[in-house]
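J.: Below is the structure I would like to discuss, written out as structure tokens.
The values are calculated or read from the model by the stated rules, or taken from the named source; none is laboratory data. All figures in this text were calculated on a predicted structure; none of them were measured in a lab. Here Cβ is always computed from backbone atoms with ideal geometry, including for glycine, and neighbour counts include all displayed protein chains. The area values use the complete protein model at the heavy-atom level, side chains included, leaving out ligands, DNA and RNA. Shrake-Rupley method; radii C 1.70, N 1.55, O 1.52, S 1.80 Å.
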Amino acid sequence: MKQSLQLRVSQHLALTPQLQQSIRLLQLSTLELQQELEHILAENPMLERIDDPLDHSVRLLADGAITPGAASATTEKSGGDDAPAADGEASYENGEAGDSPDSGNGESEWSFDDVARTGKSPDDDNARPQLEAHHVTLREHLLEQVRLTMHSPRDRALAELIIDALDNNGYLEEPLEEIHARLPAELEIEPEELRVALKLVQSFEPAGVGARDAAECLSLQIRRMPKVPLVTRRMALTIVEQHLPLFAQRDFNKLKKLLDCDEEDLREAQAVIRQCNPHPGAAFASDSADYVVPDVIVKRGKNGWQVTLNHEVMPRLRVNALYANILKQNKGEGSLNSQLQEAKWLIKNMRQRFDTILRVAQAIVDRQRNFFSHGAVAMRPLVLREIADTLGLHESTISRVTTQKYMLTPHGMFELKYFFGSHVATEAGGEASSTAIRALIKQLIGAEDPKNPLSDSKIAEMLGEQGMVVARRTVAKYREALKIPPVNLRKSL
């Protein structure tokens, strides 16, 4: 077999590092983007963030080392003709290229004026920061009551043993027998002592704490309610202690037969039970709420609904002038040259990311104007391909843009994917959005008679009267998605 050399010319597509970075930045959420930037800033000295609260020039000014005029002169000197940050690709501040931090419209100017006017920095010794109050846990709340009510060390230890066995909702899920079995025999603790300690804990606030199940929790609270008629209290206790499953299923006809009462008496007992809290310890939970920062904001303008970028989530980046001058003096020698190119790529890709988000968000608003004017019932069907064809982008790009990106509207905060949905055929031959169908179902259920709630079949018929062909199982699926209970659990006296 003869060996030979051949020269072939071919074309193929390849993802350059710049394109890979652009795709990765586009699919990141706001929080993930900030984390990615912190990682890049730590590795690339050629890149700096102007809106960094630890910016050196702002800290010098706050300490009184320089005056506002000197700070401006220093910034102008560092941003002269020799600094690469002056070109259009080397800076990105609030979505615009080439703006310096003290050009008259930036955030740094406000910081300079504020410090110069007050003469104090945020870290001044005289400043009084707002501190978060100490969060009291359920265990701490109960132990404080133990300290105030019990004097015997043995009684305190047994009460603390019961308190340590409570879960976050205030329930004692572990049987007393198992707790007693774990205790050392030399302590000579009798099971009756544990039962007495449990009774003492159940007398503490919040009412219902220390219960072993939901029935006991409700019973403890009903017994401590003031100004409840004796007959109503007894009926409420009978319901929660003996017929709680029937009450949960709202089988009121069977309850009236078992209790031998009329509808008015049962209604009064139901009102008492509804005042109870089935999770008495949940108020002491320390779960913090998750907040979502919008990427775009929608407001009504003279020309209709307009979309603007949220500048609070847009990082202000530029090339470090000091390292850029060093690189220029060394005529591109060393690893700084590649890091300079990477910094320019990042600034350009960051600008492209926010421009794409703005374009997609405006295209969505243009097609969902009725939603912003009339609410969810006016939502129209929309698919990714429609936005992609309008903007000349690929569907995968639209999918990346609309994932974990949020829009602040007069109707609330929504993920961009919320405005896309399937369609349901209408009798007139048109289409209705599934989001609009869900909003109509929620409206119909909200306006129903509590004594005679609407079934899924009835809701499907009412939607059919409005020209929307929806099957009963589809109504049930949308109702469950809205977390609305079925008809038997919505019925009341």
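J.: Could you state the accessible area per residue of segment 422-492 in Å², with a 1.4 Å probe and every protein chain left in place? Can you show the working numbers first?
T.: Working: 4030 Å² over 71 residues.
Heavy-atom SASA per residue in segment 422-492 reads 57 Å².
J.: Kindly state, to the nearest 0.05, the FRET efficiency for residue 337 paired with residue 413, given R0 = 51 Å and r defined as their beta-carbon distance.
T.: It comes out at approximately 0.70.
J.: Moving on to the next point. Send over the semi-axes of segment 138-275's equivalent ellipsoid, whole angstrom and largest first, taken as the square roots of 5 times the C-alpha gyration tensor eigenvalues.
T.: Equivalent ellipsoid of segment 138-275: 35, 16, 12 Å, largest first.
J.: Provide the gained length on full extension for the span residue 451 to residue 139, in nm with one decimal, where the gain is 0.36 nm per separating residue minus the Cα-Cα distance.
T.: Contour length minus Cα-Cα distance gives 108.1 nm.
J.: To the nearest 0.05, what FRET efficiency results for residue 469 and residue 241 with a Förster distance of 45 Å applied to their C-beta separation?
T.: So, using R0 = 45 Å, E works out to roughly 0.40.
J.: Sticking with this one: Want the number for residue 177 to residue 399: 0.36 nm per residue separation, take away the alpha-carbon distance, what's left?
T.: On the way: separation 222, 0.36 × 222 = 79.92 nm, distance 5.65 nm.
Here the segment from residue 177 to residue 399 would lengthen by 74.3 nm.
J.: Want the number for residue 10 to residue 370: 0.36 nm per residue separation, take away the alpha-carbon distance, what's left? Don't skip to the end; give the middle numbers.
T.: On the way: separation 360, 0.36 × 360 = 129.60 nm, distance 5.08 nm.
Extending this stretch completely gives an extra 124.5 nm.
J.: On average, how much accessible surface per residue is there in segment 235-352, in Å², for a 1.4 Å probe, leaving out ligands, DNA and RNA?
T.: 59
J.: Which FRET efficiency, nearest 0.05, do residue 362 and residue 458 yield, Cβ-Cβ r, R0 45 Å? Could you put the intermediate results ahead of the total?
T.: Working: r = 41 Å, r/R0 = 0.90.
Calculated transfer efficiency: 0.65.
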